[in-house]
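Below: the structure, in structure tokens.
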Amino acid sequence: PVILVGHSLGCCAILAYIDQYNVPAERVVLVAYPMFWEGIIETRPPLKAYVERMQPLNFESIKKLVEHFDIFHDTTDHILSMRNAEYLKETLGDKAVLRISNTYDHFDVPEIPELEQELVLEIASDSRFCFYAGNVGCWHA
């Protein structure tokens, strides 16, 4: 089984990869997914340029390729509002579980939060391929 994990813009990369290359996955974990950019891209020109080049995602196609989605979002996220996670959950429907915390802001923390760590270890120990894309770097197991 293929498991893909993305953080912030890494979520966009993971979903674009699935969409563009028709990659089936057993599980996709999306941590702090950015859907709405209000108040963010105006102050960050490189991010604005990146976002403007992003292709629209075909969520119907993505849902057919992925068995299960885990969405992580924190109520204290200073970059992205809860609206991002709520929209994504609504878009992905019953295939998605929304996991909300109120401790880890944008998940830019020196250690992986306990909840995320537990899930990532569970996923990595149970799959042949696990890939993480995010702000901190990439790893695969």
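The values are calculated or read from the model by the stated rules, or taken from the named source; none is laboratory data. Fair warning: this is a prediction, and the values are worked out from it, not measured in the lab. Because the Cβ atoms are built from the backbone with ideal geometry, glycine has one as well, and the counts that use them run over all protein chains shown. Just the protein is used for accessible areas: all its heavy atoms, side chains included, with ligands, DNA and RNA removed. Shrake-Rupley method; radii C 1.70, N 1.55, O 1.52, S 1.80 Å.
Sorting 61-73, 5-17, 41-53 by average packing, meaning the other beta carbons within 10 Å per residue, from highest down gives 5-17, 61-73, 41-53. Per-residue surface analysis assigns Met35 an accessible area of about 50 Å², computed on protein heavy atoms at 1.4 Å probe radius. Annotation: amide H of Ala25 within the under-5 Å range of Val66, Glu67, sequence separation 5 or more or interchain, hydrogens built in the peptide plane. The modelled label-to-label distance for the pair Tyr87/Ile100, using points 7 Å beyond Cα in the direction of Cβ, is 1.7 nm.
Taking Cβ atoms as reference points and 13 Å as the exclusive limit, the residues near Lys89 contribute a net charge of 0, counting Lys and Arg as +1 and Asp and Glu as -1. Less than 5 angstrom separates the built amide H of Arg99 from those of Ile71, Phe72, His73, all sequence-distant by 5 or more or on a different chain.
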